[in-house]
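The values are calculated or read from the model by the stated rules, or taken from the named source; none is laboratory data. Predicted model, so just to flag it, every value in this text is computed and none were measured. All Cβ positions, glycine included, derive from the backbone under ideal geometry; neighbour counts span all protein chains shown. With ligands, DNA and RNA removed, areas are computed over all heavy atoms of the protein, side chains included. Shrake-Rupley method; radii C 1.70, N 1.55, O 1.52, S 1.80 Å.
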Amino acid sequence: AEASEPAPLPEGVRAELRPYQLEGYRWMMRLAACGAGGCLADDMGLGKTLQSLAVLAARSSLGPALVVAPTSVTVNWPSEAARFVPGLTFLSYRGPARHELLERLGPDVVLVTSYDILLRDIERLAPVGFATAVFDEAHALKNAQAKRSAAVRRIQADVRFALSGTPIENHTGELWSLFRIVVPGLFGSWERFRERFAAPIERDRDPARRAALAAVVRPYLLRRTKSEVAPELPPRTELVRFVDLSPPERELYEAERLRAIASTRAAAGSAGRAGGPGGDGGDGRFAVLAALTRLRQLACHPRLRDPASTVASTKLRSVLDLIDELKDAGHRALVFSQFTTHLEIVAQAL
């Protein structure tokens, strides 16, 4: 497989892949040619999404593809696809009319959804045959007993790839759960895996068993760190993560938005009466700025508006997950916020 030369990068990919990214694409394509899947475990910021998009483009003629990611990441896939593989049609599988999108599946079409929606709609998605399936932030699948992992295992795909900068965090059982999805049968049953690897490695600290496990996994896992590919990296890589407010947060936000509309209209009206036709509307502009600030605070954490609020912050949870990922990869982080009170809340959580 290593000696084989996969298909060249599709012409529809509008990006110049760096050497390590091109090798990642070739590695995934070699596995796909063997009918196997794998885990792309590159460090955060090295372009796992771009490498996967190139694979989806190369395999697009074989049938529809599926991308599953956490809700905060699903928005990123269509936007990145529009930049790098505009020839593919990305369908966001969400909302009340999402089931109708299944009728549009075919070659050159990629269905993007979240793990939560996949679990909710698995009876509809399980019968669908996909040419390629990509599971982003795949550490979400490390618990083999979770309903989410069981649902993902029911997805029918010719080839499955997992993307995760941290394929193993706590114990070897996470590796077994992940590869049970992307390379089914590689390790056999849990009892067999526990006997051969988990117990000797975790209980006995057996270096021979650790090396044996690494040898089994090596063909199906590709990991590059930033330090390894540093000469190929640009000065800075920007990644945008979208965070959906929880229903309780959305309720607070919507109530504040309606109050803001009423207050800004009232301020604009009083400014017009006071200044007449020539009034400058200064009070109205200040009211708008104040309202936007309040809304931005609510988008960060409910306690920025009400210190006594018990509503949890989705953005804080996302920040903590991201910092865990950075820490596990051996990186440091610098956290910014315009609101110093927000930084105090983050510091307390850390």
Sorting Val152, Val311 by accessible area (1.4 Å probe), largest first, what list results? Val311, Val152
Estimated FRET transfer efficiency when R0 is 22 angstrom, pair Ala266-Leu289 (beta carbons, to 0.05): 0.90
Ignoring ligands and nucleic acids, Tyr115 exposes an accessible area, probe 1.4 Å, in Å² to the nearest 10, of 10 Å²
On the full set of protein chains, 1.4 Å probe, figure out the accessible area of Cys300 and give it in Å² to the nearest 10. 20 Å²
Convex hull per residue volume in Å³, alpha carbons only, for the range 119-170: 72 Å³
Suppose we look only past 22 Å in the calculated P(r) of the range 106-235. What percent of the Cα-Cα pairs does that tail hold? 44 percent
Over the residues of the range 62-180, compute the C-alpha Rg and express it relative to 2.2 N^0.38 Å. 1.03
Over the chain, with every protein chain in place, what whole percent of the accessible area is carbon and sulfur at 1.4 Å, could you tell me? 53 percent
For labels at Arg203 and Glu254 in the simple 7 Å Cα→Cβ model, what's the distance in nm? 5.4 nm
Relative contact order of the chain (C-alpha contacts under 8 Å, at least 6 apart) in percent is 16 percent
Please list Thr340, Thr166 from largest to smallest accessible area, probe radius 1.4 Å, with all protein chains kept in place. Thr340, Thr166
From Cα pairs below 8 angstrom and at least 6 apart in sequence, can you work out the relative contact order of the range 56-129, rounded to a whole percent? 44 percent
Highest average packing first - 16-23, 332-339, Cβ atoms within 10 Å: 16-23, 332-339
Share of alpha-carbon pairs per 10 Å distance bin for the range 53-110, given as whole %: 23, 56, 21, 0
How much length is gained if the chain between Ser4 and Gln338 is pulled fully straight, taking 0.36 nm per residue apart and subtracting their Cα-Cα distance, in nm to one decimal? 115.0 nm
Can you compute 3J(HN,Hα) from phi for each residue in the range 223-235, using the Karplus curve 6.51 cos²θ - 1.76 cosθ + 1.60 with θ = phi - 60°, rounded to whole Hz and x for Gly and Pro? 10, 10, 9, 4, 5, 5, 10, 3, x, 8, 7, x, x
